[in-house]
Each structure stands twice: as C-alpha cells, then as structure tokens.
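First comes the structure, then the notes that go with it.
The values are calculated or read from the model by the stated rules, or taken from the named source; none is laboratory data. Since we're looking at a predicted model, the values are computed, not measured. Cβ sites come from the backbone with ideal geometry, for glycine too, and all protein chains shown count toward neighbours. Heavy atoms of the whole protein, side chains included, go into the accessibility calculation; ligands, DNA and RNA do not. Shrake-Rupley method; radii C 1.70, N 1.55, O 1.52, S 1.80 Å.
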Amino acid sequence: MPASILSSVLFSALLILISPLSLAKTQTTNELASLFSRSSQFTQVKISPQGDYISAITHKEGKQALLLLNAKTLELMHLIHFPNNAQVGHYVWANHQRLVMQKDYIKGWQSHPLYFGELYAINADGSQPKYIFGYKRKSMQLSSHNKPSQSIRATGYILDPLINDDKHLLVSAIPWDNKNSKVLNTDPAKTVYKVNIYKGTRTKITRAPIENSHFMTDGQGQLRFVSGTKNHVSYSLFFRKNDTWINTNRLGFKLDNLSPIAFGKAPNQLYVTGQERGQPEAIYRVNTLTGAHKKIIQNPDVDHSQAWINPITKQLYAVEYEKGYPSYAFINKKDPFAVFTKQLLKSFSGLQIRIISSTQTADKVIVHTYNDTTPGNYYLFDTKAVKLHYLFSEKSWIKPEKMAKVTPIQFTARDGQLIHGYLTLPKDKTAKHLPLIVNPHGGPHGVRDRWKYNSQNQLFASQGIAVLQVNFRGSGGYGSTFEALGHQKWGTDIQYDIIDGTKDLITQGIVDKNRICIVGGSFGGYSALQSSMIEPDLFQCAIGMFGVYDLPLMFKEGDVSRIRSGQAFLSTVLGTDPAQLKTMSPTHHVDKLKAKLLLIHGGNDDRAPIEHFEALTSALNKQKYPFDSLVLDDEGHGFYKDEHQAQAYEKMLSFLKTNLRL
C-alpha cells in the first residue's frame, strides 16, 4: 500500500502539537519520569542532494514518520507515513527528488519495531510510490534475466545510494536460511544487488567471501572492499580484483583486525584501522597491490571513535578520539569538510559538532551539536556564505542550564590497571558525601561509556544523586589487549574494577558510603547483581534491568546462541567450563545478597530472554529473599515505548528514594 501523505501544514504547527513539559514546572515523580523518558523529537536529519529539502524522522500517532521541509522556509511540505502497523525506518536520498526507506513494523506482541528487509521508494512530493525490495514482492524482474521473479527471501539493507546514478542504489541482503524461523540469522554471507528505485528490478553484483560482512564502495559506487568476522572477536579484510575477493592476509600487512575506512588519492590506496600487539587501533595508509603500509595516526590510549569521510570524494579528512572529552585529529586539514569543521568548532564553544549530511556540492550541510547537558541541536550551515541557521532540538524540553555536568575520571584498580570513566555530579550540590548510583554499561565487550547527555543519569542527578560510569577492563575503545582482559572475567576482574571505582569515590569523600546503589541494564544488570554479591556491604540497593543472570543459559537461549558466530563469541568471552560459568552466575549465589533488590525485564527480550529473570527470581524465592519487580510483557531488550520507560523510571525513583534515603 502507498504511504500516506500529509501536506501543506506549517512546521511550526507540528512543533505546537508535540510541545513538551518544562523541567521548571516538573515536581512530581510521575512528571519527572515522563520528562526524562520522552524520545527525541527528530532523528536522521538530512538535506537533499540539491538542497531543496530538509528531512527528518519524527513521530505521528506513536509511529515513526518522515518529515520533509522546504529548506528555505522550513515549511512542512509532506509527512510520509505508512498505514496500519508499519512505520518508516532508516532512509536515504537516492537522488534529488526520490527517497528510499526501510519499512518497519510494530507488532502487538512486541513494542520494538521489527524489520523484515523491505525497501520502499517514493518521491518527495508523494508521487510514484514503489515497493522495490522484499519478500512481499509478487512479481519482480531481475535485470539480468528477462522473466518474472518471485519475492526475494532476504533482508535488505541500503548499502550505497549511488549519488552519481539517479535510477539505482546498492542493497546488501542477508538470505533467509530457515523458512519457519522468525529471527534473522545474520551469519550467512551477504549478497549485493543493484536495484532500480523506480521499477524494483535488480541485478546481482557479488557475494561476500565472509560472514557478518560489511562492504565498502568507492566514489563511483564500485564494490572494492569487504570485512567480516566468524566470531565477533577477530576480523578479516578482503579486496576485489577482477570480480574476485582476495584476503589481505596474502599481502603480509602483519596487522590485526583490519577494517577499511576510506580510499586514498592514489589507485589501490586505502586507509584502514589496524592493531599491533593489542595496542589501541592506528590509522594506516596501505597499498593493496604491494602490501606497503604506513602508520598515519594513533592515540596511545584509545581507539578512534569516529572516522570522518568527505561524502563527495569519500576521502578521509579527520578522526575523532575520546579519552575523556571528544576531540578531532585532522588528517587532511585542507579538505573542505575539515575547514567547515574547524569553523564550526570555533562557533560552538563547549559543544562537540558533527557534520552529518551534505548536498552534492557541499554548499549546505546539516550540523549536529551536543555535549553532556545538551541532547542535541541541528543547524543548517551555508558553507559559501558561512552562515548558520538553527533548525530544531532533539529534546527541546530539556534545559541544558538545569542539567548536571559530566566529568571524565580515572583511577587505579587493585592490580595496578588504569581505568577510565565518568562522574555525573548533581547541579548546585557540593561534591561531598553525596548519595551514589553506580551505572555499569552493557556489552560488556566492544562498547564503552562516552561523554554525552544521558537521560537516565540526568534523572538521577536531578534528585541530588551522583552517578559513576566505569569503562572497566573488557570495554571496547582501549585496544584489543584491554578488551581481552575482560574475557572469561565477567564475574571477577570486571566487577573488581566497578567496585574499586566506587571505593575510590568513598576515599575521596565525594560519596556517602552508606547510600550507594548499583543500577544497570543488560550486562550492567548482571553487574548490579554480581557486584552486590561480591561486596554485599558496599551496596545498599541494586536494580537489574533486562540482565543476564545465568551464564550457562546464554549458550541455550537468546539471539546470540542461535547463530554459529554467536556460539563462537560466547565460548571466547565466557569460556566453556561449567564450574566457572556457575561460579560467575548470580542465580547460584543469591545467599550472598544483602542489598534491597528491584528487577525489571521485558517479556519479549531476545538478547537476555525472560528465562534469565525467571531463573533469578526462582532462586530468590527458594532463598525467601525479598525483591520488587516490573515485567513488561511486550517490551524487548530495553524500552521502546516512552510510557513504558516512564513507568520503569517512576518505579526506580520510588525505590531509590526509600533505599538511598533521599
């Protein structure tokens, strides 16, 4: 069915419809929970290739819709949305007038949107809607064959909009390997198709030589490189020569975990990230014919957090690092986008800026700004006139001047390992004998906490509570050696880092040792329980949200366990010794608990299935250990619906006020 179109409505009218609460007017727990649980008003903000439109994802009737504004007047031209239970997902401008978008679904039994690989194209004025890729397509012609084809049983992802081709884009697709499976197996190697955005015809281009693959195209849309992994720990890189994929291992780079990020100016020249002896990643310029390579830049402490590519030339111009605060290192200072970035950094003191979208000529770009107290603002930057125009805020109801500052910290763990993290201190409070929430991040591998606005931590800070975030060993971003320190140490060394960071704040006199709670989600939920069992007298309360609590169960239940690479990953990071897994599982050690306990879980969680919650609560009941709980049957791994997040926040605030004596 075609997408519905709402036109000729002023953008200001839309803002009035979604105008929010103000923190200044908020007093009750219910109002606070609602205020900090609200989703961003605008995401995926982009400008069309010729600069006629500004587009963004917003919400209409509880679903995502695509907003199209006149770039000059900011008048709302159209609001594209799907009927019934479908919504707009990720999208791109395929040419200056036509958009291609993922079609997501909201199902009654699950709050989180589901994506089945369908792609839909439509013009900016609402004309020529077309279903161009997916399993529901009844008759589609492959351009390499002159006969009708049935719908494709694959999940398609937009790979490259091909800015120099107005009629096609590239789609990478994961084939469905089980007719009865409701869950996508991401292991099979992806196939790339060239798809006509008006007719839906497609041509097969290539198939990846490795699973869990990520392709890289050059400025002409040619497939040149692909990286992938069999275990989500080590990665391989291939380059394409005469339609054949060749493993770069043959070139003798002697670098680990190669990943392509940009093309060089010379033929066969490529910028990659790679590691030597487990150190933080470095950026190398390599020659894919000779194997020659040169280190361009490396931070001694952290991996790069972002590589910034000129979207027109596809040349690398800067990388971003974040040891504490984010900062830029410019690779090509003369690149126009490097010049734009420096101009913008001077204009926004105390804010990090990112250029997130551009016209084909780079005469206008979309700029996103943020910091620890600002969720994010969007601007239109006229690069020729060197003028900024404010567009809108992600969360206009959040007043930065009322938010708490976030400060990078570091401490030395018990074994001498240097650990980094962040401390949020409540506004207008002296940093002395404060109540504390310890907030371990999820993962635990490949991810880390960063300096940015965090709704949950700001909610806690608004109640006068300090919040500690620890980038414990095993976290991503500090080199593979640091990450590997957490392998098979989930229940020991990682928890010791969290505990040592907490004790460091006590020693400094910043926090009250008798008012400490540990709160986390996913692996953070696991840590909330595990740390409370290791140091039962340190934490007065604990909140575990959608956590994994029985490690042997991870090999049997959940999305990670269902795929071959997931089993390989678990074997690497957890080990396979049943006794060790049991020792590190909170379900088997509830007798050590002293903390007041609140458990929150989603009934449809596929990453930490409800069986983990049930195993833990069963053990608690056998021990006759009291606990409070909240189960939201249609939520998954985290909260999608704002009202569910508000419900959880309200329960958490009530729990914390009692147990931290606020």
- prompt: By its C-alpha gyration tensor, with a ≥ b ≥ c as the square roots of the eigenvalues, how is region 337-445 shaped: rounded for a/c under 1.5, else prolate for a/b larger than b/c, else oblate?
  reply: prolate
- prompt: Mind listing P(r) for region 337-380? All alpha-carbon pairs, 10 Å bins, whole percents.
  reply: 28, 57, 15, 1
field: Accessible area in square angstrom per residue, the chain, 1.4 angstrom probe
entry: 42 Å²
- request: Using a/c under 1.5 as the rounded threshold, could you call region 309-399 rounded, prolate or oblate? The axes a ≥ b ≥ c are square roots of the C-alpha gyration tensor eigenvalues, and prolate needs a/b larger than b/c, oblate otherwise.
  value: oblate
query: Can you work out ³J(HN,Hα) from phi for every residue in region 529-545, in order, using Karplus 6.51 cos²θ - 1.76 cosθ + 1.60 and θ = phi - 60°, giving whole Hz and x for Gly and Pro?
result: 7, 5, 5, 5, 7, 5, 10, x, 8, 7, 10, 7, 8, 8, 10, x, 10
message: From the phi angles alone, apply the Karplus equation (6.51, -1.76, 1.60; θ = phi - 60°) to region 276-286 and give each ³J(HN,Hα) in whole Hz, x where the residue is Gly or Pro.
response: 10, 6, x, 5, x, 4, 10, 9, 10, 9, 10
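Which value in Å does the Kirkwood hydrodynamic radius of region 472-536 take, with 1/r averaged over all unlike C-alpha pairs and then inverted?
12.5 Å
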field: Descending Cα extents along the principal axes, region 374-422, whole Å
entry: 55, 29, 14
task: Compare the Cα positions of A648, V171, L538 along the charge dipole of the chain (+1 at Cβ of Lys, Arg; -1 at Cβ of Asp, Glu; about the Cα centre) and return the one farthest towards the positive end.
output: V171
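Tell me, in nm to one decimal, what length is gained between Y325 and K230 on full extension, where the rule is 0.36 nm per residue of separation less the Cα-Cα distance?
30.9 nm
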field: Out-of-range pairs (alpha-carbon distance over 20 Å; input K265/K364; K427/K452; K265/K294)
entry: K265/K364
task: Determine the sum of side-chain charges near H433: Lys and Arg each +1, Asp and Glu each -1, restricted to other residues whose C-beta is under 11 angstrom from that of H433.
output: +3
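So which of K503/K651; K63/K395; K582/K622; K594/K657 end up more than 21 Å apart, counting from Cα to Cα? Write out the running numbers ahead of the final one.
Numbers: K503/K651 27 Å; K63/K395 17 Å; K582/K622 17 Å; K594/K657 18 Å.
Going by Cα-Cα distance, K503/K651 fall outside the 21 Å limit.
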message: Per-residue counts of other Cβ atoms within 10 Å, averaged by peptide: what ranking do you get for 594-603, 33-42, 574-583, highest first?
response: 594-603, 33-42, 574-583
- prompt: Hey, with R₀ at 56 Å, roughly what FRET efficiency would S347 and K592 work out to, going by the Cβ-Cβ distance, to 0.05?
  reply: 0.55
- line: A chain fully extended from D628 to N123 at 0.36 nm per residue, minus the present Cα-Cα distance, gains in nm 176.7 nm
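So what's the net charge close to G476: Lys and Arg +1, Asp and Glu -1, counting the other residues with Cβ under 12 Å from its Cβ?
-2
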- prompt: Ranked from highest to lowest mean number of other Cβ atoms within 10 Å per residue, what is the order of the peptides 387-394, 607-614?
  reply: 607-614, 387-394
- request: Could you run the Karplus curve 6.51 cos²θ - 1.76 cosθ + 1.60 with θ = phi - 60° over region 71-79 and give me ³J(HN,Hα) per residue in whole Hz, x for Gly and Pro?
  value: 5, 8, 9, 6, 6, 6, 8, 8, 10
- request: Could you list which residues have their amide H under 5 Å from that of Q64, counting only those 5 or more apart in sequence or on another chain, with H placed in the peptide plane?
  value: V88
query: To the nearest µm²/s, what D does Stokes-Einstein give for the chain at 37 °C and 0.692 mPa s, using the Kirkwood radius over alpha carbon pairs as Rh?
result: 124 µm²/s
query: Around E118, which amide H atoms from residues at least 5 apart in sequence, or from another chain, sit under 5 Å from its own amide H, with H modelled in the peptide plane?
result: K103, G156
- prompt: Relative to the present Cα-Cα distance, how much length would full extension add between I296 and T481 at 0.36 nm per residue of separation?
  reply: 64.5 nm
message: Rounded to the nearest percent, how much of the accessible area of the chain (1.4 Å probe, protein heavy atoms only) is carbon and sulfur?
response: 48 percent
- prompt: Shape call for region 228-345 from the C-alpha gyration tensor, a ≥ b ≥ c root eigenvalues: rounded (a/c under 1.5), prolate (a/b greater than b/c) or oblate?
  reply: oblate
query: Considering the alpha-carbon set of region 533-578 alone, what are its Rg and its Dmax in angstrom?
result: 13.9, 41
Two-site label geometry, A568 and N332: point separation in nm, points 7 Å out along Cα→Cβ: 3.5 nm
